[in-house]
Amino acid sequence: MQLHHDKHHVGYTNNLNAALEKHPDWAGSKSIEEILKTYSTAPDDIKNALRNHGGGFYNHSLFWLMMTPKKDQAPSGAVADAITEAFGSVDAFKQQFSDSAKKIFGSGWEWLVLDNGKLALTSTPNQDSPVTQGKIPILGLDVWEHAYYIDVGPDRAKYIDNWWHIVNWDDVAKRFDSAKK
Ligand code: MN
């Protein structure tokens with residue numbers, strides 16, 4: 001995770017900044033969410049960089065907050081109720097999320113999102129972000145090989161199972177509550 005943060009996330013951030021510096025007028029004072037929703041209207045020479053490095057910057061910015069050194073937290077409150085309503089139980093949700101994350105072909109992310117006010121699972125390829133499709137990320141898991149090869153080699157399933165122990169449910173609850181407002 002240290003290398004992931006210090007090398008990969010920094011790389012996306014630097015490349016996003018370099019792209020924005022080429023056309024500072026296009027982005028103006030747009031937030032990163034607005035940039036990801038509207039990158040297709042950007043000048044051709046920075047479109048791909050905004051999508052890939054902008055997505056990489058944003059997705060990872062969320063990812064670090066979604067984890068905690070406090071092990072084995074559990075969801076509570078409104079988000080726990082909404083997960084139970086949408087998926088049957090918290091355990092059933094974790095199972096479905098994990099199954100979907102394990103099946104992603106190649107690099108990408110698994111997400112719990114708020115889509116038109118309802119919780120749903122979605123996967124995105126590469127560094128595409130759910131915000132581009134108008135969905136609000138509530139919880140996300142990076143399944144790029146760079147996220148787990150150093151720790152567990154090719155065993156993505158083990159990485160996913162380990163990851164549940166460090167999910168920051170306080171952050172998930174905060175994100176859900178503010179998305180519902
Ligand atoms: Mn990553």
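The values are calculated or read from the model by the stated rules, or taken from the named source; none is laboratory data. Since this is a predicted model, take the numbers as computed values, not measurements. Positions of Cβ are backbone-derived with ideal geometry, glycine not excepted, and every protein chain shown enters the neighbour counts.
Looking only at segment 20-52, which residues are within 16 Å of the ligand (Cβ to nearest atom) and either over 17 Å from residue 140 (Cβ atoms) or touching an Asp or Glu at 6+ places or on another chain (Cβ under 8 Å) (or both)?
Listed by number, the list holds a single entry, 51.
Would you check if residue 119 is within 16 Å of the ligand (Cβ to nearest atom), farther than 23 Å from residue 50 by Cβ, in a strand (DSSP E or B) and within 17 Å of the chain's Cα centre (by Cα)? Before you say what the answer is, go through the steps one by one.
On the way: within 16 Å of the ligand (Cβ to nearest atom): no; farther than 23 Å from residue 50 by Cβ: yes; in a strand (DSSP E or B): yes; within 17 Å of the chain's Cα centre (by Cα): yes.
No: the conditions fail for residue 119.
In this structure, does residue 82 turn out to be more than 16 Å from the ligand (Cβ to nearest atom) and out of contact with any strand residue (DSSP E or B) (no Cβ under 9 Å at 6 or more places or on another chain)?
Taking the combined requirement at face value, the residue does not satisfy it.
Out of (1) out of contact with any Phe, Trp or Tyr (no Cβ under 8 Å at 6 or more places or on another chain); (2) within 16 Å of the ligand (Cβ to nearest atom); (3) closer than 17 Å to residue 167 by Cα, the odd one out for residue 110 is which?
The number of the failed condition is (1).
Give segment 122-146 a look and list any residue that's under 17 Å from residue 100 (Cα atoms) and more than 12 Å from the chain's Cα centre (by Cα), or say none.
Result: 145, single match.
Checking residue 72 against (1) away from the ligand (no atom under 14 Å from the Cβ); (2) free of Cβ contacts under 8 Å to residues at least 60 places away in the same chain, which test does it fail?
(2) is the only condition that residue 72 fails.
Can you confirm whether residue 158 is more than 16 Å from the ligand (Cβ to nearest atom), in a helix (DSSP H, G or I) and either touching a helix residue (DSSP H, G or I) at 6+ places or on another chain (Cβ under 7 Å) or not acidic (Asp, Glu) (or both)?
Details: more than 16 Å from the ligand (Cβ to nearest atom): yes; in a helix (DSSP H, G or I): yes; either touching a helix residue (DSSP H, G or I) at 6+ places or on another chain (Cβ under 7 Å) or not acidic (Asp, Glu) (or both): yes.
So residue 158 fits the description; yes.
Taking segment 20-55 as the region of interest, how many residues are surrounded by fewer than 18 Cβ atoms within 10 Å (Cβ to Cβ) and assigned to a helix (DSSP H, G or I)?
Counting residues in segment 20-55 that are surrounded by fewer than 18 Cβ atoms within 10 Å (Cβ to Cβ) and assigned to a helix (DSSP H, G or I) gives 16.
Output yes when any residue across segment 157-172 is in contact with a Leu (Cβ under 8 Å, 6 or more places away or on another chain), within 19 Å of residue 82 (Cα to Cα) and crowded, with 19+ Cβ neighbours inside 10 Å, and no when none is.
There is at least one residue in segment 157-172 that is in contact with a Leu (Cβ under 8 Å, 6 or more places away or on another chain), within 19 Å of residue 82 (Cα to Cα) and crowded, with 19+ Cβ neighbours inside 10 Å.
What number goes with the only condition from (1) closer than 30 Å to residue 47 by Cα; (2) surrounded by 14 or more Cβ atoms within 10 Å (Cβ to Cβ) that residue 146 does not pass?
For residue 146, the failing item is (2).
Taking segment 100-116, which residues are part of a loop (DSSP other than H, G, I, E, B) and either touching a Ser or Thr at 6+ places or on another chain (Cβ under 7 Å) or outside the structural domain of residue 146 (by TED's automatic domain parsing) (or both)?
104
Checking residue 70 against (1) under 25 Å from residue 155 (Cα atoms); (2) in a helix (DSSP H, G or I), which single condition isn't satisfied?
Checking residue 70 against (1) under 25 Å from residue 155 (Cα atoms); (2) in a helix (DSSP H, G or I), the one that fails is (2).
Please verify whether segment 5-19 includes one or more residues that are under 17 Å from residue 140 (Cβ atoms) and not in a helix (DSSP H, G or I).
no
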